[in-house]
Every structure is written in structure tokens, then in C-alpha cells.
Amino acid sequence: MNIITIDGPVGAGKSTVARTLAKILGYAYLDTGAMYRAIGWKVYVTGIECNDENLERLCANTRLEVNLTNDIQRIIVDGKDITSEIRTPDMSRMSSVVSAYEPVRRYLAALQRETGLIWAKQHGGVVVEGRDMGTVVFPDAMYKFYLDADITERGKRRWKELIDKGMEVDLTETIKKIEERDANDMGRSIDPLKKADDAIVVNTTKLGLEEVVEKILEKIR
Ligand code: DC
């Protein structure tokens, strides 16, 4: 099965690189962070307290659909399309909070595995992107990459992304939030963000999108 995993911290360039790579190879692209955002969104709107028991019940009572419409991944929760709603700083924070809970990780890892395998079959391959793709969800993937970049560069990229969307955000504040999310994602006890032993590291600090994609294609070829 043609599965390529891309993991790494916020702002390392994972999603743009994964999307471009998938397009070049004709593969599907699965953004697993969006699925954590979906659960974070539901916790946010229902206002429940985060604990294992509540989150286990919430996951069991959630219909989370992930589908590709014209190559764009859509996230539908209990029949409501929340694809755009989950892209706010609040949802970034919420997704990172819920991702530390075991019932959420087990529920989403199973769904990610199932979706990734189906899409790989349908499209001839899949590029899966997240935090634990190479370590937990697809440990036998054909190729594994770990993207990283300096914190200042990652902050600038995320800040620009939010500004381009018309949000009023401060660069220093954005960097601080990324540092908090890094600490949460790398420091959690269950499936923390870390490089898989057999993953290839690409530092994207000084590289443009095309250069990163070219580096990855070189390894694959
Ligand atoms: O990639 P993203 O920023 O959309 O991810 C949102 C959060 O979801 C991230 O802070 C940590 C969590 N996440 C995770 O724990 N495991 C994944 N495979 C993907 C995301």
C-alpha cells in the first residue's frame, strides 16, 4: 500500500507540502489535524468538561465524516459541515487540548487508519499528515517524513496565514501560542509528537515549498 506519512510541529509546512505532494503523485491527502479540530469544536460548542469519561461518551455519540470533494477535504460533524469553522486560533487550542486524552486518540486513530487505507485504495496512494502518523497510525508506511523549522519562522508563517484570512493577530502572541501547543503536543503522555525512528527529517526553515517537495520526491524516487 502506498502510504507516505508527514509529521511535525505547527508551522513546519506539513499541510502545504502534503497537499502538493499528493497532487503531484495523484494520491489522496488526509489531514488528520482537522479530525482533532472536529472533536475540539464539538467540545467547545457543547461546553462539556474535558475528562476521559466525558470524551469517551462524546466520541461514541459523534458522527464524524471526512470526505474529499473536488480534492478538498471536508469535515462533517453530526451532519454539519464545519470545514471552515475549525480554522480559528480557538479551535487550534481546543484541538491540542482534546488530543491529550486517550479516548479521543483511540477513536481518531482507528478512523484515520480506516480512512487512509480506503483512500489509498481508491487513489493509488495517500499522503497522511499529522503528529503521530509514522509512529502510531501507520507504523509500516512506505515512506516517513518529519518536517521541522525554527520557532520564529514557524510563528511568522502561521501569523501570515491568519492575517491573510483577515484575522487580527499579533506575531509575538502567535509565537507564544505555538510554543504552548508544541509543549502540549510533544509533552503529552499518550502518542506525543516525535520523529519516528525511520523517518527522514527535512528542516524547512530556509526552504521554499518547491524545494521541500523536491527533496521529498528525490527520496521517494
Ligand atoms: O495539524 P493541526 O494544527 O490542524 O492539528 C491540531 C492539533 O491536533 C494539534 O495541536 C495536535 C493534534 N493532532 C494530534 O495530536 N495528532 C495528529 N495526528 C494530528 C493533530
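Surface composition of the chain: carbon plus sulfur atoms contribute 49% of the solvent-accessible area (1.4 Å probe, protein chains only, all chains present).
Largest mean-square fluctuation among Leu21, Leu30, Leu58, in a Gaussian network model of the chain whose springs join Cα atoms under 10 Å apart, belongs to Leu58. Taking the DSSP beta bridges with both ends in the chain, the antiparallel portion is around 30 percent. The magnitude of the dipole of the chain, with charges of +1 and -1 set on the Cβ of Lys/Arg and Asp/Glu and taken from the Cα centre, is near 340 debye. Each eigenvalue of the Cα gyration tensor of the chain, multiplied by 5 and square-rooted, gives one semi-axis; in descending order these are 25, 22, 17 Å. Summarised in one figure, the compactness ratio Rg/Rh of the stretch 28-73, Cα atoms and Kirkwood Rh, is 1.05. Annotation: amide H of Ile75 within the under-5 Å range of Ile82, Thr83, sequence separation 5 or more or interchain, hydrogens built in the peptide plane.
Cross-link partners for Lys176 among the lysines, with Cα-Cα distance under 19 Å and sequence neighbours closer than 8 places in the same chain left out: Lys156, Lys160.
Around the Cα centre of the stretch 99-176, unit charges on the Cβ atoms of Lys, Arg, Asp and Glu (plus for the first two, minus for the last two) sum to a dipole of about 180 debye. Near the amide H of Thr205, within less than 5 Å, lie the amide hydrogens of Asp150, all on another chain or at least 5 residues away, with H placed in the peptide plane. The loop-placed trypsin sites (Lys or Arg not before Pro) in the stretch 101-193, going by DSSP, that have at most 12 neighbouring Cβ atoms within 10 Å of their Cβ come out as Lys165. Compute the label zone of Leu171 within the stretch 183-221: residues whose backbone N is under 19 Å from the point 7 Å along Cα-to-Cβ. Within reach of a label on Leu171, which here means backbone N under 19 Å from a point 7 Å along Cα→Cβ, the stretch 183-221 contributes 205-208. Here the Gaussian network model covers the chain, with springs between Cα atoms less than 10 Å apart; of Ala120, Ala18, Ala60, Ala60 fluctuates the most.
When the chain is treated as a Gaussian network with alpha carbon springs shorter than 10 Å, the biggest mean-square fluctuation among Thr62, Thr204, Thr32 belongs to Thr62.
If each DSSP helix of 4+ residues adds -39,500 (n - 2.57) and the sum is divided by the residues in the chain, what number results at 222 nm, nearest 500 deg cm²/dmol?
Helices in the chain give a 222 nm mean residue ellipticity of -16000 deg cm²/dmol.
Distance between the C-alpha centres of the stretch 1-39 and the stretch 58-135: 11 Å, rounded to the whole angstrom. Per residue, the accessible area of the chain comes to 49 Å², computed with a 1.4 Å probe over protein heavy atoms only.
Here is the list for the stretch 49-91: GluC sites (Glu not before Pro) lying in DSSP coil, each with at most 10 other C-beta atoms within 10 angstrom of its C-beta, are Glu49.
Rounded to the nearest angstrom and listed largest first, the equivalent-ellipsoid semi-axes of the stretch 1-52 from its Cα gyration tensor are 29, 12, 10.
Once all protein chains are placed together, Glu179 keeps about 90 Å² accessible to a 1.4 angstrom probe.
Amide H to amide H distances under 5 Å link Ile6 with Val128, Glu129, Gly130, Phe145, where only residues 5 or more positions off or on other chains count and H is placed in the peptide plane.
The values are calculated or read from the model by the stated rules, or taken from the named source; none is laboratory data. Note that this is a predicted model, so its numbers are computed, not measured. We place every Cβ from the backbone using ideal geometry, glycine too, and count neighbours over all the protein chains shown. For accessibility, only protein heavy atoms count, side chains too; no ligands or nucleic acids. Shrake-Rupley method; radii C 1.70, N 1.55, O 1.52, S 1.80 Å.
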